[in-house]
Every structure is written in C-alpha cells, then in structure tokens.
Amino acid sequence: LRRALLAWRQTYTDHPAAGGLLAELLSAQRSAGFPTQIALLLPLGSAQRNAALAVRDGFMSAYLNGSNTAGTDVRVYDTATLGGQEAYLRAQLEGADFIVGPLLPAEVDQVIAQAGFVPTLALDFAQNDNAFLRSFFQFALWPEDEASAIADSAAAAGATTAIALIPSDDRGYRLLNSFRTEFEARGGQLLDFRGYDPNLKDFSQPIMTLLDVTRSNQRERRLAANLGTQLQFEPRRRQDVDAIFIAGDARAGRLLAPQLKFNFAGDVPTYSTSDIFDPTVTTRDNDLNGVIFPDSPVLLTPDDGAANLVREIKTYWPQRLGLVRLYALGFDAYRLVGPLYRGDASTWPIHGLSGDLSLDGEGRIHRRLPLGQFRDGRPVALQPGAPGTGNAGELVGSR
C-alpha cells in the first residue's frame with residue numbers, strides 16, 4: 001500500500017490529496033516501535049567518498065552493536081550515482097520506514113521538497129528557507145553550535161568585549177556572525193574583527209591592526225620625530241578586550257596563536273572552533289598552548305567505548321583518525337532513529353559521541369559540546385563551571 005501511494009503521488013504531484021492527506025495515510029502504515037527498513041543515503045561515489053565512508057562505518061557500527069537490530073534492515077543508496085532526489089524516491093518506493101541522509105547540503109535542499117511522507121533525518125541543515133515538516137529532521141556537525149559554546153564560555157567567564165580573527169571566506173564570515181549573535185545575546189559586544197588570507201604564513205598585519213599595535217607604533221614614530229631623538233619604547237595593545245575569537249584550521253592556528261602572544265595578547269583568553277585541533281598530529285602542538293575550543297566528546301571526553309574506538313583507529317587506520325568526528329556523526333545518527341521514529345520526547349537530551357543532543361521545535365538537532373584547552377602541547381578536557389573561568393574550567397584529563 002505504501003509503495004502504491006508513493007507511486008500515485010509521483011503521477012499526481014499536484015493533486016490536493018498529495019500533501020497532508022497522503023502523509024497521514026503513510027503515517028498510519030508505519031510499524032510501531034522501531035523501523036523495519038532504514039535507508040542510508042550517502043555520496044559514496046563522489047569526491048566526498050572518504051567522509052561518506054566514515055559516516056557509513058559509524059552508522060553501521062551502531063547498528064551492529066545496537067539492541068534494535070533484530071528485524072531491521074539497512075539499505076545504503078549512493079546519491080553520487082543515483083542523484084539525491086532519485087535515491088530519496090527509490091528508498092521510499094522500496095519500503096523504507098525511515099531515511100537517514102543525504103549528507104551534502106545541496107542534496108538536502110533537493111529532497112526536502114519531497115519530504116513529509118517517510119520520517120527522514122538529513123545529515124546536514126537545509127540552506128534554503130523551508131516550511132517546517134513534522135517528519136523531517138536535520139542533524140549536522142554545525143559550526144554554529146561551536147560558536148554558541150564559545151560565546152557561552154566567554155560570557156560565563158566574565159567577558160563583555162571581544163575581537164575576532166577569521167579567514168576571509170564564506171565559512172569564516174558565517175562563524176563570525178554566529179559568534180557575534182551568540183555573544184551579544186549574552187550581553188557581550190564584538191568590538192572589531194579582521195579577516196585574513198588563510199594561504200599566508202604571516203598574519204602580523206591584521207593582528208597588529210586589530211590589537212591597535214600599529215597605531216601604538218605610529219604614535220612612537222611621531223613622538224620621536226617631534227622630539228628629534230631616539231626613544232626607549234615598547235608598543236602597547238588595546239586594553240578593552242576581554243576575549244579573542246579566532247577561526248582557522250590547525251595550520252592557521254599554529255601561526256595565529258604565537259603571533260597574538262608576540263603582539264602582547266598572550267594574557268587574553270583565546271577561543272577557537274574545533275578546526276584548530278587536528279587529531280592526526282602526534283607531536284606536541286606547543287604553539288597552540290592556551291587556546292580553548294569546543295569539540296565532540298569522542299575526542300575530548302570519551303567514555304570507555306569511544307576511547308577504545310579512537311585507540312583502534314590510531315592503531316589500524318591512522319589515516320582515518322581525522323574523520324573520527326564524522327564517524328561519531330554516523331554513530332549518533334543511528335541512535336537518533338528510534339526516538340525520532342517514535343516521537344519520544346522523554347529521551348532528550350541524548351548523550352552522544354558528537355555531543356549532548358537536543359531537538360528544537362523546527363526539527364533541528366543541536367549539539368552541546370565539552371571544551372578543551374591546549375596545555376603542554378596537547379588538548380585536555382576542561383571541567384565546566386570552575387570559578388572565574390565559566391565553562392572553560394578545570395582539567396578533566398589529558399587526551
């Protein structure tokens with residue numbers, strides 16, 4: 001009956017019953033408890049193959065080790081071969097009770113127009129504004145959740161002013177806007193920001209300008225010229241900054257952090273996103289000492305199972321360690337299937353490998369993340385709520 005209803009909808013897409021009425025009929029056909037067939041939509045044949053494989057492996061690991069696997073089948077569809085829309089339709093016609101994916105933002109935008117008939121957990125957030133669909137959920141390693149954690153930590157530590165250094169690209173400005181919104185919502189003020197070219201090695205110019213060190217040097221030169229003599233002089237940075245937010249990967253971070261210290265900002269709490277932590281680096285990242293960042297529990301606060309997983313990946317697949325966050329995404333995606341399928345509000349929040357997960361009123365799943373800090377060249381987890389430091393508190397343990 002389900003396949004016949006979906007096939008009818010493909011033929012009569014503009015029929016009045018192809019909307020809410022059909023969705024109600026399909027909903028009535030769902031089995032109780034847990035789906036009997038789950039479709040996993042991933043771009044396995046694309047340039048994002050490695051990321052897709054990490055998500056698939058995490059999902060299948062949770063499936064094989066779960067308690068709900070009896071009587072449940074998982075079918076994997078390659079959106080790179082079929083296309084996002086075709087894979088989504090085929091999964092429905094072949095009897096999927098629940099669909100997980102697609103993974104790429106453009107494909108999420110494509111399938112959301114067909115959604116509402118089979119419960120779906122997309123693995124990214126739609127980029128276009130869409131009406132909320134009761135059975136369409138969205139889950140991603142969204143950097144805005146990290147910006148929220150950073151703003152919360154800085155504000156809780158007493159910061160009321162901040163400055164920011166971001167790469168001059170779309171992602172950088174997205175992170176800046178998210179941090180600004182979250183920090184200002186907590187009573188803070190973003191005083192200024194500077195963009196930088198991530199391909200460069202020397203970021204001294206934007207840093208000196210942002211910290212007003214350039215202006216301090218200019219004042220010294222003017223004074224020396226007016227007096228006609230050489231002065232004993234030490235530049236000063238601006239004194240109205242409580243926190244610094246930097247966005248960048250581990251390479252950029254290793255350059256930004258020392259240059260901030262060189263320009264007299266080493267005593268200002270400095271925050272970054274998880275991009276700054278590269279888990280594949282085995283040597284000590286002493287250049288990053290002091291930087292505070294949020295990250296997935298699988299890397300910062302793993303339980304015994306997650307710690308064993310990371311050790312196994314380091315031992316047998318070290319080249320895949322950089323994708324462990326995506327493995328955690330896939331693992332958690334499977335764990336979300338049951339609560340979303342049943343509409344069980346009592347299970348939230350859910351402690352996952354990728355964060356403490358909560359569901360908002362628009363069907364988006366958000367992550368609350370632990371914080372870490374680089375000390376002695378290695379990231380260590382921080383205990384929330386230590387006095388005087390907000391969420392960036394005492395050490396939990398070295399990882």
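How many residues does segment 266-282 contain that are open to solvent by less than 30 Å² (accessible area, probe 1.4 Å) and modelled with pLDDT under 95?
Counting residues in segment 266-282 that are open to solvent by less than 30 Å² (accessible area, probe 1.4 Å) and modelled with pLDDT under 95 gives 1.
Where in segment 283-387 are there helices (runs of 4 or more DSSP H), lying fully within it, with 2 or more residues that are open to solvent by 60 Å² or more (accessible area, probe 1.4 Å) and more than 30 Å from Thr72 (Cβ to Cβ)?
Qualifying helices (runs of 4 or more DSSP H): 304-316.
Does segment 34-86 hold any residues that are of a type in the set (Ser, Thr, Tyr) and within 18 Å of Arg320 (Cα to Cα), and which are they?
To start, the set of residues in segment 34-86 that are of a type in the set (Ser, Thr, Tyr) comprises 36, 46, 61, 63, 67, 69, 72, 77, 79, 81.
Listed by number, the residues that qualify are Ser46, Ser61.
Among the residues of segment 116-152, write down those that are more than 17 Å from Asp360 (Cβ to Cβ) and free of Cβ contacts under 8 Å to residues at least 40 places away in the same chain.
Passing the criteria: Gln127, Asn128, Ala151.
Kindly indicate the residue of segment 159-180 that is open to solvent by less than 10 Å² (accessible area, probe 1.4 Å) and under 21 Å from Gly355 (Cβ atoms) and also nearest to the chain's Cα centre (by Cα) among those meeting that condition.
It comes out as Leu175.
Can you tell me which residue within segment 146-158, out of those that are crowded, with 24+ Cβ neighbours inside 10 Å and not β-branched (Val, Ile, Thr), is modelled with the lowest pLDDT?
Ala147
Yes/no per residue for (1) small (Gly, Ala, Ser); (2) closer than 25 Å to Glu107 by Cβ:
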site: Ala126; (1), (2): yes, yes
site: Leu133; (1), (2): no, yes
site: Trp142; (1), (2): no, yes
site: Ala151; (1), (2): yes, no
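Which one of the conditions (1) in a helix (DSSP H, G or I); (2) within 19 Å of the chain's Cα centre (by Cα); (3) farther than 25 Å from Asp109 by Cβ does Ala155 fail to meet, given that it meets all the rest?
Just one mismatch for Ala155, condition (2).
The values are calculated or read from the model by the stated rules, or taken from the named source; none is laboratory data. None of the values given here were measured: they were computed from a predicted structure. Reconstructed Cβ throughout: ideal geometry from the backbone, glycine too, with neighbour counts over all protein chains shown. For the accessible areas, the whole protein counts, side chains as well, though only heavy atoms, and no ligand, DNA or RNA atoms are used. Shrake-Rupley method; radii C 1.70, N 1.55, O 1.52, S 1.80 Å.
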